[in-house]
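Throughout, read-outs are computed from the coordinates displayed, never taken from laboratory work. Since this is a predicted model, take the numbers as computed values, not measurements. All Cβ positions, glycine included, derive from the backbone under ideal geometry; neighbour counts span all protein chains shown.
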Amino acid sequence: MIRQLLGSLTLALISLAEAEELQVMKVANNSYAIVGPLIDRSSENFGNNATFGFVVSDQGVLLIDSGGSWKGADQIHKAIRTVTNKPVTKVVNTGGQDHRWFENDYFVQQGAELISSSNTQADQKAREAQQVDRITHLIGDAYQGTKPTYAKTLLDSNTTIAFGDRSVQFIPVGHTHTPGENFVWLPDVSVLYTGDTVFVDRMLGVAPQSQHLTWIEAFDLIESLNPKVIVPGHGAPTTLEKAKADSLNYLTFLRNKVGELIEEGGDMQSVSSIDQSAFNYLKVYEEIHGRNAQRVFEEMEWE
Ligand SMILES: [Zn+2]
């Protein structure tokens with residue numbers, strides 16, 4: 001009997017270890033964040049190395065971002081199931097990055113409507129092949145069954161999404177981490193889901209598809225909404241203050257430092273002399289801080 005019990009305990013531990021858990025956090029009444037790991041995509045996290053969210057109404061569940069793979073979407077669905085058995089009836093894609101939309105199809109099969117913007121979709125189409133290559137390289141067999149699918153409902157201005165007894169606003173933001181980023185704003189509880197415009201706890205990535213100046217400007221919009229809670233694209237639910245400290249202040253810092261170097265006649269190599277250690281408390285600092293400065297330099301050279 002005891003041996004049997006030990007056997008099943010060991011099994012439970014193994015299945016926990018196989019998948020890196022997603023953490024469900026309540027941020028307001030019927031409003032949740034699903035927080036994934038801060039590291040890169042891996043076979044253990046199914047490409048869900050990001051923060052997702054969901055909103056519950058009398059009509060079902062509205063999911064914010066669908067995960068990086070079929071397994072990832074299934075993991076998100078199970079996380080939702082720990083809170084409610086209501087069906088996922090709507091999925092909003094906040095951006096074009098793989099973990100925002102790759103397994104939309106999982107929820108379409110359950111009858112969900114997919115919502116995004118034209119700019120997001122243009123980016124998804126432009127970078128799909130490249131992103132499939134990258135994620136299959138990083139997560140291997142865990143990618144099996146994934147079928148990237150585009151949203152049918154495209155909203156290109158601020159729109160209130162009809163969603164039962166909840167007030168949900170879709171806000172296209174423009175070019176930040178990717179060319180078509182969107183917010184989901186819940187005015188009734190003052191919660192803002194920002195997707196990849198806000199990173200906390202880990203260093204944001206200024207990627208080839210990013211645009212740092214309009215990214216900085218997007219924080220004016222966030223400040224004007226003055227949210228009580230921000231659910232970022234990476235990291236735990238947070239305050240406006242911390243979102244600014246970890247994302248806006250870092251982008252502004254890079255812009256100022258790179259700008260000084262350019263004025264002094266510095267070249268691309270010289271950006272490695274920028275002391276970024278004020279931000280070394282952010283995860284993946286070592287991996288990406290040098291590249292971030294180079295990307296900002298590449299953009300500023302042409303200003
Ligand atoms: Zn992301």
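Hey, could you get me the Stokes-Einstein D for region 176-252, Kirkwood radius over alpha-carbon pairs, 20 °C and 1.002 mPa s, rounded to whole µm² s⁻¹?
177
Share of antiparallel DSSP beta bridges in the chain, in percent to the nearest 5?
Among the beta bridges of the chain, antiparallel pairing accounts for roughly 65 percent.
Cut-off under 14 Å on the C-alpha distance; same-chain residues fewer than 8 positions from LYS283 excluded. Which aspartates and glutamates are left, in chain and number order?
By straight Cα distance, LYS283 reaches ASP40, ASP201, ASP246.
I'd like the projected area of region 124-201, averaged over all directions, using the convex hull of its alpha carbons. Report it in nm² with one decimal.
7.4
Before rounding to the nearest 500, sum -39500 (n - 2.57) across all DSSP H runs of length at least 4 in the chain and divide by the residue total; then give [θ] at 222 nm in deg cm²/dmol.
Only helices count here, giving -11000 deg cm²/dmol.
Work out how much length THR84 to ASN249 would gain on full extension: take 0.36 nm times their residue separation and subtract the Cα-Cα distance, in nm to one decimal.
55.7 nm
Using a Debye calculation, one point per C-alpha and no hydration shell, please list log10 I(q)/I(0) for region 258-303 at q = 0.24 Å⁻¹ in order.
-0.84
Among the trypsin sites (Lys or Arg not before Pro) within region 71-163, which fall in a DSSP loop and have no more than 16 other Cβ atoms within 10 Å of their own Cβ?
Here the trypsin sites (Lys or Arg not before Pro) that fit, given the DSSP loop and packing criteria, are LYS152.
If I require 20 Å or longer along the helix axis, counting alpha carbons, and a Kyte-Doolittle average no lower than 0.0, what helices from the chain are left? Use full DSSP H segments.
2-18, 212-225
Name the most mobile residue of ASP40, ASP58, ASP156, meaning the one with the largest mean-square fluctuation, in a Gaussian network model of the chain with Cα contacts below 10 Å.
ASP58
Suppose we look only past 19 Å in the calculated P(r) of region 103-235. What percent of the Cα-Cα pairs does that tail hold?
Result for the distance tail: 57 percent.
Find, among the GluC sites (Glu not before Pro) in region 269-301, those assigned to loop by DSSP (not H, G, I, E, B) with at most 16 other beta-carbon atoms within 10 angstrom.
GLU301
How long are the semi-axes of the equivalent ellipsoid of region 2-239, defined as square roots of 5 times the Cα gyration tensor eigenvalues? Whole Å, largest first.
The equivalent ellipsoid of region 2-239 has semi-axes of 27, 21, 17 Å.
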